[in-house]
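Remarks on the structure that follows.
The values are calculated or read from the model by the stated rules, or taken from the named source; none is laboratory data. Keep in mind that this is a model prediction, so the values were computed, not measured. Glycine also receives a Cβ, built like all others from the backbone with ideal geometry; neighbour counts cover every protein chain displayed. These accessible areas exclude ligands, DNA and RNA; they are computed on the full protein's heavy atoms, side chains included. Shrake-Rupley method; radii C 1.70, N 1.55, O 1.52, S 1.80 Å.
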Amino acid sequence: AGFHPDLTGRENVFLNASVLGLSAEETEKQFDSILEFSGVGEFIDTQIKFYSSGMYVRLAFAIAVHTDPDILLVDEVLAVGDEQFQQKCLDKIKEFQAEGRTIIIVSHALDQVASLCDRVVLMNRGQMVFDGVPTTAIERFRELLEHNAVGEARPIAHTSALEVEAIETRDATGKARDRFSPTEQIVLRIGVKMVRPVQEWAVGFSIDTSMGAMALASNTDLLGIHLAPLESSRWLDIEID
């Protein structure tokens with residue numbers, strides 16, 4: 001199935017639904033639901049060639065999930081649209097999973113892979129390099145990223161001088177919590193294990209959205225915080241307003 005650029009969104013819905021096995025009557029019954037899911041609304045009678053890439057994918061996904069598929073192939077669709085649309089996609093995928101349907105997701109979003117998949121096939125330069133559980137696949141993927149990183153990696157002797165043993169999230173009173181309201185302060189309490197003494201070191205962190213996109217990141221160097229030489233294992237608190 002594919003969209004014809006000179007046809008409107010409405011016409012493409014009926015064209016693609018027909019290719020995917022729905023009759024015109026069945027499509028008519030599903031049309032309002034498809035339109036609501038896609039969020040393209042007022043642009044449904046506009047020619048597809050004037051749609052943004054995001055609108056195009058949203059409408060395509062909405063059609064696909066309303067044609068009762070046995071196998072659904074999703075290629076980075078969760079990177080498109082606002083958080084509300086992404087959540088609708090996730091909810092629909094989980095609904096299909098509960099019904100026992102087969103879903104193949106092509107994605108670089110590791111959080112999505114970890115939360116949605118029970119099997120991962122990892123590809124590298126056109127070759128399959130791993131086939132198995134998500135946790136191991138993600139570790140292997142990160143190893144490949146580190147191996148293929150631009151520039152020289154830091155010496156192993158330097159990076160093995162300390163380890164992060166634990167990470168805790170606490171509120172301003174010091175109480176351990178894992179849920180916070182938007183206006184509350186968060187304290188990241190990081191347990192650092194000294195393997196050998198280090199004169200200069202830094203700690204960085206990042207916070208991702210539920211969709212796997214980075215929302216905030218920083219480190220002690222960027223914040224102008226000089227950490228004293230690490231001569232023993234210690235805890236480090238990072239306060240986020």
Scanning the stretch 187-227 residue by residue, the ones that are open to solvent by less than 70 Å² (accessible area, probe 1.4 Å), among the β-branched types (V, I, T) and either over 12 Å from D237 (Cα atoms) or at pLDDT below 90 (or both) total 5
Scanning the stretch 16-47 for residues that are polar (S, T, N, Q) and either exposed (fewer than 15 other Cβ atoms within 10 Å of the Cβ) or free of Cβ contacts under 8 Å to residues at least 24 places away in the same chain (or both), the one nearest to E83 (Cα to Cα) turns out to be S33
Residue pairs qualifying under the 7 Å Cβ cut-off, at least six apart or on distinct chains, with the first in the stretch 211-228 being closer than 30 Å to E76 by Cβ and part of a loop (DSSP other than H, G, I, E, B) and the second being at pLDDT below 80 and not polar (S, T, N, Q), are M211/L78; M211/E83
By residue number, the members of the stretch 168-186 that are open to solvent by less than 40 Å² (accessible area, probe 1.4 Å) and among the acidic types (D, E) are D171
Checked V19, V57, V113 against criteria (under 27 Å from G132 (Cα atoms) and out of contact with any Phe, Trp or Tyr (no Cβ under 6 Å at 6 or more places or on another chain)); the one match is V113
Checklist entry - Looking at this structure, is L236 of a type in the set (A, V, I, L, M) and either part of a loop (DSSP other than H, G, I, E, B) or within 12 Å of V164 (Cβ to Cβ) (or both)? => result yes
Taking the stretch 147-182 and keeping only residues that are outside any strand (DSSP E or B), modelled with pLDDT of 90 or more and either over 17 Å from I207 (Cα atoms) or among the polar types (S, T, N, Q) (or both), one is left with A172, T173, G174, K175, S181
Q: Could you please let me know if V13 is under 28 Å from the mean Cα position of the chain (by Cα) and buried (at least 16 other Cβ atoms within 10 Å of the Cβ)?
A: yes
Scanning the stretch 48-73 for residues that are within 17 Å of F14 (Cβ to Cβ) and either assigned to a loop (DSSP other than H, G, I, E, B) or open to solvent by 60 Å² or more (accessible area, probe 1.4 Å) (or both) gives Y51, Y56, H66, T67, D68
Counted residues in the stretch 74-101 being in a helix (DSSP H, G or I) and either of a type in the set (D, E, K, R) or on the phi > 0 side of the Ramachandran plot (or both) come to 6
